[in-house]
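Input: a single structure, listed below in structure tokens.
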């Protein structure tokens with residue numbers, strides 16, 4: 001029997017860039033995801049864009065999107081339509097990020113076994129927790145949801161094992177090309193990571209694309225970032241001892 005809900009997630013960032021990793025995505029019903037796929041593919045076709053849509057290529061103006069380098073208005077018009085299709089065909093957005101320097105600092109200063117988990121495991125487990133909180137608030141049982149993550153990130157097997165040990169649930173790992181819903185998750189993850197980097201480098205204003213996402217996807221507590229203050233707070237809350245060298 002098919003699950004009543006499915007959540008699709010993608011990651012943006014890697015251990016190589018030494019800045020931040022985000023895992024983000026959306027949950028929706030099978031009916032809405034089918035409608036999303038139809039309307040999303042129709043949008044790409046109307047702009048003569050061959051699928052799949054990649055946010056990095058879109059922003060950087062690589063060949064498929066080169067025509068918009070001199071027409072930012074049309075480019076933003078496309079993106080607003082894309083955001084509207086995501087908004088009207090999903091139930092909730094989720095995003096969890098972790099700063100690499102913040103995690104390294106927490107590891108240096110506190111003795112806490114879970115701090116040794118890779119950033120991907122932190123973020124993927126984090127979005128799962130947010131999904132379960134949303135389900136509890138809406139009376140959805142865990143047997144009625146399927147969690148699907150885009151294939152290709154390091155430590156996905158470790159995440160699956162941790163998730164199964166914690167909740168008895170085994171998330172699925174599938175390639176991007178097989179599911180159109182990953183393209184929505186890709187856009188959100190890319191924007192979250194870019195907004196973090198902009199903030200860290202002191203850029204004063206949100207880009208228009210980020211603003212559109214913040215405005216259209218009410219997120220209450222379904223978006224989060226593990227930075228140093230947050231990591232230190234949880235270590236203190238759980239009574240974790242400090243490393244001997246820093247005591």
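I need a count of the residues in the stretch 96-131 that are in contact with a strand residue (DSSP E or B) (Cβ under 9 Å, 6 or more places away or on another chain), under 19 Å from residue 10 (Cβ atoms), in contact (Cβ under 8 Å) with a residue 24 or more places away in the chain and in a helix (DSSP H, G or I).
Counting residues in the stretch 96-131 that are in contact with a strand residue (DSSP E or B) (Cβ under 9 Å, 6 or more places away or on another chain), under 19 Å from residue 10 (Cβ atoms), in contact (Cβ under 8 Å) with a residue 24 or more places away in the chain and in a helix (DSSP H, G or I) gives 12.
Given the criterion touching a helix residue (DSSP H, G or I) at 6+ places or on another chain (Cβ under 9 Å), over 16 Å from residue 28 (Cα atoms) and either in a strand (DSSP E or B) or modelled with pLDDT under 95 (or both), identify the matching residue among 147, 154.
154
What residue, of 8, 47, is surrounded by 16 or more Cβ atoms within 10 Å (Cβ to Cβ) and within 18 Å of residue 171 (Cβ to Cβ)?
Answer to the check: 8.
Here is a list of conditions, (1) at pLDDT below 90; (2) crowded, with 19+ Cβ neighbours inside 10 Å; (3) not in a helix (DSSP H, G or I), and residue 75 meets all of them except one; can you say which number that is?
Unmet condition: (3).
Tell me which of these residue 213 doesn't satisfy, since it passes every other one: (1) touching a helix residue (DSSP H, G or I) at 6+ places or on another chain (Cβ under 7 Å); (2) under 28 Å from residue 51 (Cα atoms); (3) assigned to a loop (DSSP other than H, G, I, E, B).
Condition not satisfied by residue 213: (3).
Are any of the residues in the stretch 153-166 surrounded by 14 or more Cβ atoms within 10 Å (Cβ to Cβ), over 22 Å from residue 229 (Cβ atoms), touching a residue at least 40 places away in the same chain (Cβ under 8 Å) and in contact with a strand residue (DSSP E or B) (Cβ under 8 Å, 6 or more places away or on another chain)?
Checked against the condition, which is being surrounded by 14 or more Cβ atoms within 10 Å (Cβ to Cβ), over 22 Å from residue 229 (Cβ atoms), touching a residue at least 40 places away in the same chain (Cβ under 8 Å) and in contact with a strand residue (DSSP E or B) (Cβ under 8 Å, 6 or more places away or on another chain), the stretch 153-166 yields at least one hit.
Out of the stretch 1-43, which residues are part of a loop (DSSP other than H, G, I, E, B) and either more than 30 Å from residue 100 (Cα to Cα) or modelled with pLDDT of 95 or more (or both)?
Those that are part of a loop (DSSP other than H, G, I, E, B) and either more than 30 Å from residue 100 (Cα to Cα) or modelled with pLDDT of 95 or more (or both): 1, 2, 3, 4.
What is the one condition in (1) crowded, with 17+ Cβ neighbours inside 10 Å; (2) within 27 Å of residue 198 (Cα to Cα); (3) over 13 Å from the mean Cα position of the chain (by Cα) that residue 121 does not satisfy?
(3)
The values are calculated or read from the model by the stated rules, or taken from the named source; none is laboratory data. Quick caveat: nothing in here was measured; it's all calculated off a predicted structure. Reconstructed Cβ throughout: ideal geometry from the backbone, glycine too, with neighbour counts over all protein chains shown.
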